[in-house]
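Below is one structure, written out as structure tokens; the observations come after it.
The values are calculated or read from the model by the stated rules, or taken from the named source; none is laboratory data. Quantities reported herein were computed from a predicted structural model and do not represent experimental measurements. Reconstructed Cβ throughout: ideal geometry from the backbone, glycine too, with neighbour counts over all protein chains shown.
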Amino acid sequence: MGCGRVGSSLATELEAAGHSVAIIDQSREAFRRLGPDFKGRTVSGVGFDRDTLLEAGIETADAFAAVSNGDNSNILAARVARETYGVANVVARIYDPGRAEIYQRLGIPTVATVIWATDQILRRLVPEGSRSEWRDASGAIQLCEMHPHKDWFGSPIAELEAATGSRVAFITRLGEGLIPDTHTVLQEGDLIHVTVRDEDIAKVELILARSPKDHS
């Protein structure tokens, strides 16, 4: 739902990957963004209206993305898709950070545009500390990218986990993802992605910001 820049890009990328796609927008003019090669279904109407959704094929849909420019429309359409039609994979784009957190905790998958963009920019401006990459629906557990003190390089991942009480979910090394095992040693340039309880993030940040010698 929504044939703006994000919606049209999603539709064309999904179609290029071999998926059958239908896209909804209130303005037929918006479908021009899809280009002349788009073979999917275009439906003009309100994205949370049941007749419109049925015309788009919601009853046989495997996934639904609500990416219009209205938070209320997106969350309403996402709820209808999931709760009325049982669509397995549903996501809503939300601009208001406060709303996004509420809906996420209610179990409605959201992409918080403002939070995501702010986070991505902060990662490049201030690489120290941690940046949340994922949070579970209850808000209790996060996956965070963390930047350890240089003295941690050369230490086994197991040592880092023991010191922090957290779990290293994966490492980004030379641009590629790596799932560590008991023999994995942290190398210079590695980015670590840590699964940690929300209440423990500050403690883990503090431990990793210091040399491991300070904790021995």
If you scan the stretch 74-90, which residues turn out to be touching a strand residue (DSSP E or B) at 6+ places or on another chain (Cβ under 7 Å) and either basic (K, R) or crowded, with 19+ Cβ neighbours inside 10 Å (or both)?
N74, I75, A77, A78, A81, R82, V87, V90
Restricting the stretch 33-42 to residues that are at negative phi and touching a helix residue (DSSP H, G or I) at 6+ places or on another chain (Cβ under 9 Å), the one surrounded by the most Cβ atoms within 10 Å (Cβ to Cβ) turns out to be L34
List pairs: first in the stretch 5-20 and closer than 13 Å to G40 by Cα, second exposed (fewer than 11 other Cβ atoms within 10 Å of the Cβ) and of a type outside the set (D, E, K, R), Cβ under 8 Å, 6+ apart or cross-chain?
T12/G35
Taking the stretch 162-191 as the search range and keeping residues that are assigned to a strand (DSSP E or B) and at pLDDT 90 or above, which one is surrounded by the most Cβ atoms within 10 Å (Cβ to Cβ)?
V168
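When you check D51 against the structure, is it over 26 Å from the mean Cα position of the chain (by Cα) and either crowded, with 21+ Cβ neighbours inside 10 Å or not small (G, A, S) (or both), yes or no? Working first, answer last.
Numbers: over 26 Å from the mean Cα position of the chain (by Cα): yes; either crowded, with 21+ Cβ neighbours inside 10 Å or not small (G, A, S) (or both): yes.
Answer is yes for this residue.
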Scanning the stretch 124-148 for residues that are of a type in the set (S, T, N, Q) and not in a loop (DSSP other than H, G, I, E, B), the one modelled with the lowest pLDDT turns out to be S130
